[in-house]
Amino acid sequence: MSDNSFGIDPLNPGEPIAGGPAPELIIEGNPSDLTWLFDRTPDGKVETGVWEVAPGTWTFTAPTWEFMSIVSGHSELTEVGSSETTVLKAGSIFVMRPGLQVVWRVVETTRKVWVTYDPAA
């Protein structure tokens, strides 16, 4: 492969950075997460990596565009002000636009491969 492409092994991504939602956003459980950042454009507008989160529920507002492909687990996203829920399981593909507000419920530890785009970066 050239310097213009690379592969991601979502099952063995290396050393993660631990984190989680801010305490005031958590509704239920302890949704701690692990993030593996694989690449970032020089201008910081595009990033890609792997993310895994433990069961719990919290509110989330998407700060950027995000494309995600679910590798494992089970999560449910309910847009704030709506009763419609999107179920995310292995094989699901989902795109969030900046400003999307959801209640994110992780039923089973969920892992995703993601790409974000932040035009303001």
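Here are a few things to note about the model shown:
- Virtual spin-label span in nm between residue 86 and residue 120, 7 Å along Cα→Cβ: 2.0 nm
- Dipole of the chain, positive direction: furthest Cα of 27, 14, 88, with charges on the beta-carbon: 88
- Across region 49-54, rounded Karplus estimates of 3J(HN,Hα) from the backbone phi angles (6.51 cos²θ - 1.76 cosθ + 1.60, θ = phi - 60°) give x, 10, 9, 9, 9, 7 Hz, Gly and Pro being marked x.
- For the chain, the dipole from Cβ point charges (+1 on Lys and Arg, -1 on Asp and Glu) about the Cα centre works out to 180 debye, to the nearest 20.
- If the segment from residue 95 to residue 35 were pulled out straight at 0.36 nm per residue, it would be longer than the present Cα-Cα gap by 19.8 nm.
- Inter-probe distance in nm under a simple model that places probes 7 Å from Cα toward Cβ, at residue 107 and residue 72: 1.8 nm
- log₁₀ of I(q)/I(0) at q = 0.11, 0.15, 0.19, 0.20 Å⁻¹ - the chain, Debye sum with one point per alpha carbon: -0.37, -0.69, -1.12, -1.24
- Applying the criteria of a DSSP loop state and at most 11 other Cβ atoms within 10 Å to the GluC sites (Glu not before Pro) of region 56-121 yields 84.
- Most mobile listed residue (82, 69, 92) in the chain, GNM with C-alpha springs under 10 Å: 82
Read the figures in this text as sums done on the coordinates, not as results from a lab. Quick caveat, the model's predicted, so the values are computed rather than measured. In this analysis, Cβ positions are derived from the backbone assuming ideal geometry, glycine residues included, and neighbour counts consider all displayed protein chains.
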